[in-house]
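Nothing in this text is a laboratory measurement; each read-out follows from the coordinates by a stated rule. Keep in mind the model is a prediction, meaning the values are calculated, not measured. Because the Cβ atoms are built from the backbone with ideal geometry, glycine has one as well, and the counts that use them run over all protein chains shown.
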Amino acid sequence: MLSLTRTDSDNRDFQSLVTLLDHDLAVRDGADHAYYAQFNQIASIRHAVVAYQDGEAVGCGAFKEFSPTEVEVKRMFVPEARRGQGIARAVLAELERWAREEGYAAAVLETGKKQPEAIRLYEKSGYEYIPNYGQYAGVDNSVCLRKTLDSQPAAH
């Protein structure tokens, strides 16, 4: 059974999963990794979710304030051996619930074109493409998406 824990960036399981995520992204992004890494520091993240299955940390995600009404979803990761089990969808849904509870109306995120499974997750979860924002404007490998949080989750 999957359980979700709300925590922050001091959580050791969150930190371990983010280390695995960074290794995965370094391979996928190659020479571009150093550029992206500067925007993915986890110090002082107050809203992180860790998914557990049989006591093992099997997925994570976080959000930080993007604007007074929006959060930015960050650091979503499920180890390859655990993918396809709905873990990422559960983590994302919990992050969205938490953001709504904190009074945010929407979520934005950036992911890479070299992460097609992440793009599919976000599309299925009701995220829509938006122009690349901030540091991702003009970056060919980046895809930015947005979802209004008061909407219902996408049907499956």
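Among the lysines, which fall within straight-line cross-link reach of LYS147, defined as a Cα-Cα distance under 19 Å, with same-chain neighbours fewer than 8 residues apart omitted?
Answer for LYS147, where 19 Å is the Cα cut-off: LYS64, LYS74, LYS113, LYS124, listed by chain and number.
Using θ = phi - 60° and the Karplus form 6.51 cos²θ - 1.76 cosθ + 1.60, what ³J(HN,Hα) does each residue of the range 2-10 get, whole Hz, x for Gly and Pro?
8, 10, 10, 10, 7, 8, 9, 6, 7
Add -39500 (n - 2.57) for each DSSP H run of 4 or more in the chain, then divide by its residues: what number comes out at 222 nm, to the nearest 500 deg cm²/dmol?
-9500 deg cm²/dmol
Grab the Cα-Cα distance for ARG46 and ALA105, subtract it from 0.36 nm times how many residues apart they are, and report the gain in nm with one decimal.
Full-extension gain reported as 19.4 nm.
Pop out the ³J(HN,Hα) list for the range 131-137 in order, Karplus 6.51 cos²θ - 1.76 cosθ + 1.60 with θ = phi - 60°, rounded to Hz; leave Gly and Pro as x.
x, 4, 9, x, 5, 8, 4
Taking the Cα centre as origin and putting +1 on Lys and Arg beta-carbons and -1 on Asp and Glu beta-carbons, what dipole magnitude results for the chain, to the nearest 20 debye?
On the way: 18 positive and 23 negative charges, 46 e Å.
Once rounded to the nearest 20, the dipole reads 220 debye.
Starting from the Cα of THR5, step 7 Å along the direction of its Cβ; do the same at LYS113; then give the gap between the two resulting points in nm.
3.9
I need the shape label for the chain. Rule: rounded when a/c is under 1.5, else prolate if a/b > b/c, else oblate, with a, b, c from the alpha carbon gyration tensor. Intermediate results must be reported in sequence, preceding the final value.
On the way: a/c = 1.32, a/b = 1.06, b/c = 1.25.
Note, shape of the chain comes out rounded.
Looking at the chain, send over the antiparallel percent of its DSSP beta bridges, to the nearest 5.
Numbers: 29 of 33 bridges.
Looking only at bridges with both residues in the chain, the antiparallel portion is about 90 percent.
Kyte-Doolittle mean at least -1.0 and Cα extent at least 24 Å along the axis: which DSSP H helices of the chain qualify? Don't skip to the end; give the middle numbers.
Values: long enough: 12-29 (25 Å, -0.17).
Flagged H segments are 12-29.
Count the net charge of all other residues whose Cβ sits under 14 Å from the Cβ of GLY84, scoring Lys and Arg as +1 and Asp and Glu as -1.
Numbers: positive: ARG82, ARG83, ARG89, ARG120, LYS124; negative: GLU80, GLU117.
Cβ neighbours under 14 Å give a net charge of +3.
Most fluctuating residue of GLN15, GLN115, GLN85 in a GNM of the chain with Cα springs under 10 Å: which is it?
GLN85
Report the local net charge at ALA62: Lys and Arg +1, Asp and Glu -1, summed over other residues whose C-beta lies under 10 Å from its C-beta.
On the way: positive: ARG46, LYS64, LYS74, ARG75; negative: ASP8, GLU72.
So the surrounding residues net to +2.
Take the chain, connect every pair of alpha-carbon atoms lying under 10 Å apart with a spring to form a Gaussian network, then pick out the residue of SER44, SER125, SER142 with the largest mean-square fluctuation.
Among SER44, SER125, SER142, the largest mean-square fluctuation in the Gaussian network model of the chain belongs to SER44.
Give, as a single signed number, the net charge of other residues whose beta carbon lies under 9 Å from the beta carbon of ALA105, with Lys and Arg counted +1 and Asp and Glu -1. Could the numbers behind the result be given before it?
Working: positive: ARG100; negative: GLU70, ASP150.
Result for the local shell: -1.
Calculate the FRET efficiency for ALA137 and LEU20 from the Cβ-Cβ distance with a Förster distance of 35 Å, rounded to the nearest 0.05. Don't skip to the end; give the middle numbers.
Values: r = 29 Å, r/R0 = 0.82.
According to the calculation, E is roughly 0.75.
Around GLY59, which amide H atoms from residues at least 5 apart in sequence, or from another chain, sit under 5 Å from its own amide H, with H modelled in the peptide plane?
The list, which skips near neighbours in sequence, is ALA51.
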